Protein chains: 2
Amino acid sequence: MDRIVRVAVNGYGVIGKRVADAVRAQDDMTLVGVADISTDWRTRVLQAKGVAFFAGTPEAGDALQAAGQQSAGGLSDLLREADVIVDCTPKHVAAENVPIYRERGLKFILQGGEKHEVTGHSFVAEANFETAVGRDATRVVSCNTTATVRTLIALKRAGLLKRARGTLLRRATDPWESHLGGIMNTLVPEPEIPSHQGPDAQTVDPDLDVVTMAVKVPETVAHLHYWAVQMTRPTEKEAVLEAFRGSSRILLMKDDHGLVALNTVKELMADLGRSRNDLYEVALWADMLTVQGDELFYAYMVDNQAIVIPETIDAIRALSGRETSGPRSIEKTDTALGIGGGLFAAPSPRPAEGSIEANQRP
Amino acid sequence: MDRIVRVAVNGYGVIGKRVADAVRAQDDMTLVGVADISTDWRTRVLQAKGVAFFAGTPEAGDALQAAGQQSAGGLSDLLREADVIVDCTPKHVAAENVPIYRERGLKFILQGGEKHEVTGHSFVAEANFETAVGRDATRVVSCNTTATVRTLIALKRAGLLKRARGTLLRRATDPWESHLGGIMNTLVPEPEIPSHQGPDAQTVDPDLDVVTMAVKVPETVAHLHYWAVQMTRPTEKEAVLEAFRGSSRILLMKDDHGLVALNTVKELMADLGRSRNDLYEVALWADMLTVQGDELFYAYMVDNQAIVIPETIDAIRALSGRETSGPRSIEKTDTALGIGGGLFAAPSPRPAEGSIEANQRP
């Protein structure tokens with residue numbers, strides 16, 4: 001068997017904590033540790049899970065010591081143990097870390113807050129896994145861009161996509177936050193059209209003819225996208241649905257499921273037992289989807305905390321060369337995260353190494 | 001001078017109260033009275049304003065009496081005094097009132113909650129005032145449809161409109177309500193595409209090629225529309241803005257105005273001294289508006305409580321024959337309501353007849 005890929009995570013926020021758990025759920029990679037600068041409840045959970053925790057900065061190391069918490073060392077110590085580092089630090093911080101990674105010859109993955117130019121490659125597994133194989137670095141694009149590319153690539157592969165025009169309703173802030181970006185009882189349009197997601201999708205596939213408009217809405221559950229697509233030809237609705245069914249990461253919801261709103265879909269994820277109630281897929285309302293001649297209209301939900309997690313796992317396999325086939329990596333990731341069994345498949349991943357559950361076994 | 005048009009309002013809710021005040025602000029029509037079935041704070045305000053109040057049903061008459069409030073009679077008494085009745089009762093109630101109006105040969109105006117077929121004519125002043133002149137009845141289309149038609153007609157008149165595809169963010173409920181339709185921290189897509197507003201716009205102008213998708217959002221300030229328009233030819237942004245400037249009922253907002261969100265625009269209306277802080281116009285973000293070749297993208301705000309009020313006043317003039325020219329009626333209505341002076345023009349309507357202010361004068 002090939003060597004297990006040693007993965008480090010720098011930044012234990014909304015994305016970092018999920019990447020860390022998702023890495024632990026794979027059988028061909030191992031989490032060597034997590035670095036962060038916080039010293040509060042978040043790092044205590046990590047330690048309870050038995051994950052090696054490293055101080056992200058010398059100051060954080062001092063603060064940890066003052067707080068009576070242990071650390072396994074500093075960022076340099078963590079980097080020494082890793083083949084690939086996933087940088088999940090806040091926007092623009094990650095770009096500053098890049099010279100450190102490059103100096104050590106360490107492969108690294110950035111998230112969508114950074115610019116394409118920092119890595120020269122932007123990643124969505126179903127679109128361009130193969131071009132990332134063996135690279136030094138890639139950028140997993142943002143949640144909105146990931147959903148946009150996933151769906152448009154499905155239409156492109158079916159030969160149906162001419163151009164796509166989307167309106168993106170962006171949730172105001174992440175649900176755990178009480179200190180940032182929340183809005184109440186108003187709507188805040190992004191001041192520029194096109195919004196950045198359209199051009200961002202073109203960093204993954206320059207051939208996509210896509211324009212996006214975006215608006216901030218006062219809720220924290222998920223994003224919602226509406227699309228008007230010009231197809232290459234008139235077709236039947238069933239052909240479009242078949243194109244979307246070609247992706248394990250697009251879920252088709254029917255009216256009789258009663259999944260009428262964002263919060264209902266999220267409740268389904270909770271009931272299914274998904275980790276953190278996460279929706280990794282694009283959840284698309286299939287009965288609402290409408291074809292008029294050569295035009296196509298549809299809407300779907302994007303869980304902005306979760307959708308990039310499977311992509312990040314695939315990106316680790318691509319950079320490390322642990323897998324050279326996109327479909328094979330996607331299948332492995334999907335199986336480990338409970339994706340691919342359809343809308344009502346309860347996940348049954350192996351207990352993550354070092355999980356609280358595993359630790360508490362006799 | 002022509003005879004003053006005698007106007008009755010049936011239903012004193014969100015729209016009815018505004019129509020009543022707007023009628024009183026005109027110099028060529030008079031409010032003969034208002035009918036409603038409520039007996040609470042709402043009717044007490046009417047009486048404080050010196051407006052004749054009629055019990056909408058016999059039961060409401062009994063309840064009024066029991067509550068120690070006076071009424072000027074029943075609905076029949078009100079109808080006897082009017083040339084035109086504006087029915088602002090709740091959705092579907094209005095359609096049931098139609099036989100009563102018809103029996104009396106009374107001209108009537110319904111609101112957008114009713115079906116087009118009930119009147120056979122659907123009204124937006126800038127689109128089809130002239131076809132309503134002298135008719136027995138018309139329907140002022142809903143807030144969303146009014147905004148859609150106003151903007152698309154402006155593009156059509158400039159020879160720019162081929163087809164329009166819109167995403168409509170609908171506010172959850174009216175701000176005064178605590179008992180109906182509110183949602184929190186979620187988004188609720190309308191289950192069908194196209195949503196009803198597109199076909200509804202075609203009841204005003206059957207030539208409009210328009211498709212709409214709609215979603216309920218958790219705020220109560222206003223609706224927000226995003227449009228992707230296919231134009232007849234490539235053009236400059238300035239030509240599009242010029243087309244919109246042709247309507248006094250479309251306001252163009254610039255970035256340096258700082259009107260970044262729905263609530264900011266509403267606060268501007270309050271600061272200007274608009275009645276009830278109402279925005280009668282479509283408020284469109286001009287700097288955000290983007291032209292790419294023969295495609296056009298833009299977004300605007302729709303105050304769903306207010307936008308149909310000027311249209312209703314114009315419809316009264318059209319049905320009564322008091323005015324046969326759309327532009328002349330629009331100018332009269334605009335002047336009385338403080339519309340047309342641009343984004344920062346404070347209204348200075350004459351004190352409404354019977355207003356609290358007028359009543360309190362020596």
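The values are calculated or read from the model by the stated rules, or taken from the named source; none is laboratory data. This is a predicted model, so every value here is computed, not measured. Here Cβ is always computed from backbone atoms with ideal geometry, including for glycine, and neighbour counts include all displayed protein chains. Accessible surface areas use protein heavy atoms only, side chains included; no ligands, DNA or RNA. Shrake-Rupley method; radii C 1.70, N 1.55, O 1.52, S 1.80 Å.
The table below lists the values:
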| item | result |
| --- | --- |
| Set A:ALA172, A:ALA132, A:ALA147: member being touching a Lys or Arg at 6+ places or on another chain (Cβ under 7 Å), buried (at least 18 other Cβ atoms within 10 Å of the Cβ) and within 28 Å of A:ALA95 (Cα to Cα) | A:ALA172 |
| Pair list, Cβ < 6 Å and 6+ apart or interchain, from the stretch B:167-195 residues that are under 25 Å from A:THR173 (Cα atoms) to residues that are in a loop (DSSP other than H, G, I, E, B) and open to solvent by 70 Å² or more (accessible area, probe 1.4 Å) | B:THR173/B:LEU180 |
| Residue check, B:ALA261 without any contact (Cβ under 8 Å) to a residue 12 or more places away in the chain and crowded, with 18+ Cβ neighbours inside 10 Å | yes |
| Among residues of the stretch A:227-256, those that are without any contact (Cβ under 8 Å) to a residue 12 or more places away in the chain and basic (Lys, Arg), counted | 1 |
| Candidate set from the stretch B:174-209 (those that are within 11 Å of chain A (Cβ to nearest Cβ) and of a type in the set (Ser, Thr, Tyr)); member that is nearest to B:ASN144 (Cα to Cα) | B:SER195 |
| Search result, residues across the stretch B:215-246 that are touching a Ser or Thr at 6+ places or on another chain (Cβ under 8 Å) and under 26 Å from B:MET269 (Cα atoms) | B:VAL215, B:PRO218, B:GLU219, B:THR220, B:VAL221, B:HIS225, B:TYR226, B:TRP227, B:PHE244 |
| Residue tally, condition more than 18 Å from A:ASP255 (Cα to Cα) and open to solvent by 10 Å² or more (accessible area, probe 1.4 Å), over the stretch A:285-307 | 6 |
| Set B:SER142, B:SER122: member being of a type in the set (S, T, N, Q), open to solvent by 10 Å² or more (accessible area, probe 1.4 Å) and closer than 30 Å to B:TYR300 by Cβ | B:SER142 |
| Candidate set: the stretch B:225-258, residues that are more than 13 Å from every other protein chain (Cβ to nearest Cβ) and of a type in the set (Asp, Glu); chosen: the one most open to solvent (accessible area, probe 1.4 Å) | B:GLU236 |
| Residues of the stretch B:150-160 satisfying the condition of being open to solvent by 40 Å² or more (accessible area, probe 1.4 Å) and either in a helix (DSSP H, G or I) or charged (D, E, K, R) (or both) | B:LYS156, B:ARG157 |
